[in-house]
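Notes for the one structure printed next.
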Amino acid sequence: MASVQSGQTDLAVAQGIVAQARVFGGSIGIALCSIILNARVTRDLSGQMDPADLDAIHHSPRIAPWLPSQLRLKVKMVYVEAFTDDIKLVMGVIVIGIITSCFTHQRHPPPMPGTSAAKEALGAEHSEMELDEFAHRV
């Protein structure tokens with residue numbers, strides 16, 4: 001959509017903004033999922049593990065194999081529950097995205113570059129070669 005909605009002079013900026021928005025969105029997603037995991041680990045395992053093991057589990061789940069079997073099972077369940085919460089969060093974001101995308105509908109959207117409708121919209125003053133160059137730049 002950024003390439004269709006932005007003009008030729010602003011195309012690079014629009015594509016850069018889209019790329020940065022993806023990275024930013026991913027960073028926010030990872031941060032929120034980490035917060036959910038750490039909150040669940042703290043809430044569900046605080047009274048059952050020593051503080052050193054609890055601190056280690058916050059940093060990496062790799063200590064789980066060295067825990068007693070009952071505690072190892074509890075740690076697995078905490079991770080499963082945190083993952084379920086993460087999926088619920090992501091599903092909420094998806095629903096918001098779908099609803100938001102419904103508001104971007106246009107009755108008469110601009111034509112895609114390189115199509116006959118784009119050639120008509122640009123008019124007769126542009127040659128066929130210029131239109132081909134325009135389509136290759138996009």
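Quickly run through the range 1-10 and pick out the residues that are over 17 Å from Pro109 (Cα atoms) and either open to solvent by less than 90 Å² (accessible area, probe 1.4 Å) or modelled with pLDDT of 90 or more (or both). Before you say what the answer is, go through the steps one by one.
Applying the first criterion (over 17 Å from Pro109 (Cα atoms)) to the range 1-10 yields 9-10.
Hit for the range 1-10 is Asp10, nothing else.
Would you pick out the residues in the range 47-60 that are open to solvent by less than 60 Å² (accessible area, probe 1.4 Å) and closer than 15 Å to Glu81 by Cβ? Show your work before the answer.
Here is the first cut: in the range 47-60, the ones open to solvent by less than 60 Å² (accessible area, probe 1.4 Å) are 49, 53-54, 56-58, 60.
Hit for the range 47-60 is Ile57, nothing else.
I need the full set of residues from the range 61-85 which are modelled with pLDDT under 90, exposed (fewer than 13 other Cβ atoms within 10 Å of the Cβ) and assigned to a helix (DSSP H, G or I), in order please.
Scanning the range 61-85 gives Arg62, Pro65, Trp66, Ser69, Gln70.
Tell me whether the range 22-34 contains one or more residues that are touching a residue at least 40 places away in the same chain (Cβ under 8 Å), open to solvent by 40 Å² or more (accessible area, probe 1.4 Å) and farther than 24 Å from Asp85 by Cβ. Walk me through it before giving the result.
Residues of the range 22-34 touching a residue at least 40 places away in the same chain (Cβ under 8 Å): 29, 32-33.
Among the residues that remain, those that are also open to solvent by 40 Å² or more (accessible area, probe 1.4 Å) are: 32.
Imposing the further condition that a residue be farther than 24 Å from Asp85 by Cβ reduces the set to none.
No, that holds for no residue.
Quick one: in the range 35-46, of everything that is free of Cβ contacts under 8 Å to residues at least 24 places away in the same chain and under 23 Å from the mean Cα position of the chain (by Cα), which residue is surrounded by the most Cβ atoms within 10 Å (Cβ to Cβ)?
Initially, the range 35-46 is screened for residues free of Cβ contacts under 8 Å to residues at least 24 places away in the same chain, giving 35, 38-39, 42-43, 46.
Now restrict to residues that are under 23 Å from the mean Cα position of the chain (by Cα): 35, 38-39.
Values: Ile35: 11, Asn38: 14, Ala39: 12.
The qualifying residue surrounded by the most Cβ atoms within 10 Å (Cβ to Cβ) is Asn38.
How many residues does the range 4-32 hold that are within 30 Å of His58 (Cα to Cα) and outside any helix (DSSP H, G or I)?
Here is the first cut: in the range 4-32, the ones within 30 Å of His58 (Cα to Cα) are 20-32.
Remaining after also requiring outside any helix (DSSP H, G or I): none.
Here the count works out to 0.
The values are calculated or read from the model by the stated rules, or taken from the named source; none is laboratory data. Predicted model only: the values in this text are computed from it and were never measured. Neighbour counts are summed over all protein chains in view; Cβ atoms, including those assigned to glycine, are modelled from backbone coordinates with ideal geometry. Ligands, DNA and RNA are stripped out before the accessible areas are found, and what is left, the full protein with its side chains, is counted by its heavy atoms. Shrake-Rupley method; radii C 1.70, N 1.55, O 1.52, S 1.80 Å.
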